[in-house]
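Working notes for the structure below.
The values are calculated or read from the model by the stated rules, or taken from the named source; none is laboratory data. What you see is a predicted model, and the numbers here were worked out from it, not measured in a lab. We place every Cβ from the backbone using ideal geometry, glycine too, and count neighbours over all the protein chains shown.
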Amino acid sequence: MILSRFALHVCSLAATVAVFAAPALAQLAPERTWPELKDAMQQRADRNAYPLTGMKPEDVREILSGITSLDRDEWAASWMKMGARYAERAAGLAATDKKAAHEAYMMAHRYDSFGGWPTPNSPGKKQAFARGVDDFRKAVALSDPPIEPVSFPFDGKTVNAYLALPKGARPVPVVLTIGGLDSYKEYWGERVGQFLKAGVGVLCLDMPGTGESPIKIDVGAEKVFSAAIDYLLTRSEVDGRRLAVIGASWGGHWAATLGFAEKDRLRGAVVWGGPAHTYFQRDWQVKALGTREYLFDLFAARASVYRVSTLDDFLAYGPRMSLEARGFVGKPSTRMLLINGVNDSQVPIDDLYLLQRNGTAKEAWVNPQGGHMGRGPGWPDGKIFSAIALPWVVQVLKSDAE
């Protein structure tokens, strides 16, 4: 029997854990087999659940039927085949029906980018990621109001982002949005319309180690977001006195960090399922790497943002990122809204409680039945965003103006 590259990676990871952390080995759930993964993905597509949000169940069924193993490049090729179909349709519509072309390019983006999910760690996945970004840029070129691809310098490098501002009076408040481990700036780009409808602008950003970010996760990497604030202050259309940040999942770590480090330039920070301290500790990681809440390749995704490849390097790298180790916990902060679910198996709920119980008074929304980011029955991502996170940040920005 010939093992796929994905299967070889799983075997290698299991062997590494056995050597490095034998007492914890029993806590690690085995990776899903391809039939199990196929079934789990179709179920999520059928209920429009992350990370297959916005995809058509019949399209997903067709894509999955073209995959026979966990091979990363086979995975990418099947998703890109569907993406190419929508991209071709969009190109044909661009001259006559911009709205339909925009929607088709967005579908192409969802499928192509998912071909690179959760991290572009093979030639095929890298190609899929690049196609997904290209699809998205073609889609936003047809947006109304426009979504502007922008860039700004940081430490001799170039940072790419998307900026969208509502029509009407100027200057306007702006929310910085930070993607997570596997949800990049384009993830937030799909939600731009909701910000604009609420009368606030949005700057969509990749977190370090993901997407097009030019840097990896490291102590002090939040300075890339300080550079984003600097950039916004150069835009006359932006009200630099009314800025806030929302970070999703791993991006929530950066939202919390900025809530401390940039407390004087930000009016609010939404920490949505973000790591703070316990997440970075060895015992939690060894346990969490076996979660079934995540579809597959979790170790590969988590290790990639540190740019390490072995479990021992990964476990050694994380603790210094702790907000407690860095001296932030208990310090004054901007206003914060903390969101998560009690049953989160990816980021411990204890991290939310640690932030809530120390320092400046903070607000929190906790779903007692929720998993990662508070997701649970009756509370999908979209509802938590539209009913909890967005109204809070808009209220913070607008009440400040009053």
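Listed values, structure above:
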read-out	value
Within the range 149-197, tally of residues that are under 19 Å from Leu243 (Cβ atoms), touching a Ser or Thr at 6+ places or on another chain (Cβ under 7 Å) and among the charged types (D, E, K, R)	0
Residue selected from the range 29-79 under the condition aliphatic (A, V, I, L, M) and not in a helix (DSSP H, G or I), by the criterion modelled with the lowest pLDDT	Ala29
Unique match (being farther than 22 Å from Phe114 by Cα and in contact with an Asp or Glu (Cβ under 8 Å, 6 or more places away or on another chain)) among Leu165, Leu176, Leu196	Leu165
Checklist (1) under 20 Å from Pro51 (Cβ atoms); (2) surrounded by fewer than 20 Cβ atoms within 10 Å (Cβ to Cβ); (3) touching a residue at least 12 places away in the same chain (Cβ under 8 Å) applied to Gly378, failing item	(3)
Condition check for Arg326: at pLDDT 95 or above and surrounded by fewer than 20 Cβ atoms within 10 Å (Cβ to Cβ)	yes
Subset of the range 142-165 [small (Gly, Ala, Ser) and modelled with pLDDT of 95 or more]	Ser151, Gly156, Ala161, Ala164
Test: residue in the range 306-318 that is over 20 Å from the mean Cα position of the chain (by Cα) and farther than 30 Å from Phe114 by Cβ	yes
Filtered residues of the range 161-179 (kept if out of contact with any Gly (no Cβ under 8 Å at 6 or more places or on another chain) and either closer than 21 Å to His253 by Cβ or among the basic types (Lys, Arg) (or both))	Ala161, Lys167, Arg170, Leu176
Any chance Gly116 is in contact with a Lys or Arg (Cβ under 6 Å, 6 or more places away or on another chain), surrounded by 21 or more Cβ atoms within 10 Å (Cβ to Cβ), modelled with pLDDT of 95 or more and closer than 25 Å to Met55 by Cβ	yes
Unique residue being more than 19 Å from Met106 (Cβ to Cβ), basic (Lys, Arg) and in a helix (DSSP H, G or I) when the list is Lys138, Lys126	Lys126
Residue in the range 382-395 that is of a type in the set (Lys, Arg) and not in a helix (DSSP H, G or I) present	no
Qualifying residue in the range 329-345 (condition: in contact with an Asp or Glu (Cβ under 6 Å, 6 or more places away or on another chain), part of a loop (DSSP other than H, G, I, E, B) and in contact (Cβ under 8 Å) with a residue 40 or more places away in the chain)	yes
Residues that are in a helix (DSSP H, G or I) and surrounded by fewer than 18 Cβ atoms within 10 Å (Cβ to Cβ), drawn from the range 301-323	Asp312, Asp313, Ala316, Pro319, Arg320
Filtered residue count, the range 87-123, keeping only those that are closer than 20 Å to Asp144 by Cβ, touching a residue at least 24 places away in the same chain (Cβ under 8 Å) and part of a loop (DSSP other than H, G, I, E, B)	1
The range 141-162 - residue that is in a strand (DSSP E or B) and free of Cβ contacts under 8 Å to residues at least 60 places away in the same chain and, of those, farthest from His109 (Cα to Cα)	Lys157
Filtered residue count, the range 149-174, keeping only those that are of a type in the set (S, T, N, Q) and more than 23 Å from Phe136 (Cβ to Cβ)	0
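Listed here are the residues, each with its yes/no results for (1) of a type in the set (D, E, K, R); (2) within 19 Å of Trp117 (Cβ to Cβ).
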| residue | (1), (2) |
| --- | --- |
| Lys185 | yes, yes |
| Trp188 | no, yes |
| Val192 | no, no |
| Leu203 | no, no |
| Glu212 | yes, yes |
| Ala221 | no, no |
| Ile229 | no, no |
| Phe280 | no, no |
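The rows are residues; the columns are (1) under 29 Å from Lys197 (Cβ atoms); (2) in contact with a strand residue (DSSP E or B) (Cβ under 6 Å, 6 or more places away or on another chain); (3) surrounded by 15 or more Cβ atoms within 10 Å (Cβ to Cβ).
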{"residue": "Leu338", "(1), (2), (3)": "yes, yes, yes"}
{"residue": "Leu354", "(1), (2), (3)": "no, no, yes"}
{"residue": "Ala361", "(1), (2), (3)": "no, no, no"}
{"residue": "Asn367", "(1), (2), (3)": "yes, yes, yes"}
{"residue": "Gly371", "(1), (2), (3)": "yes, yes, yes"}
{"residue": "Trp392", "(1), (2), (3)": "yes, yes, yes"}
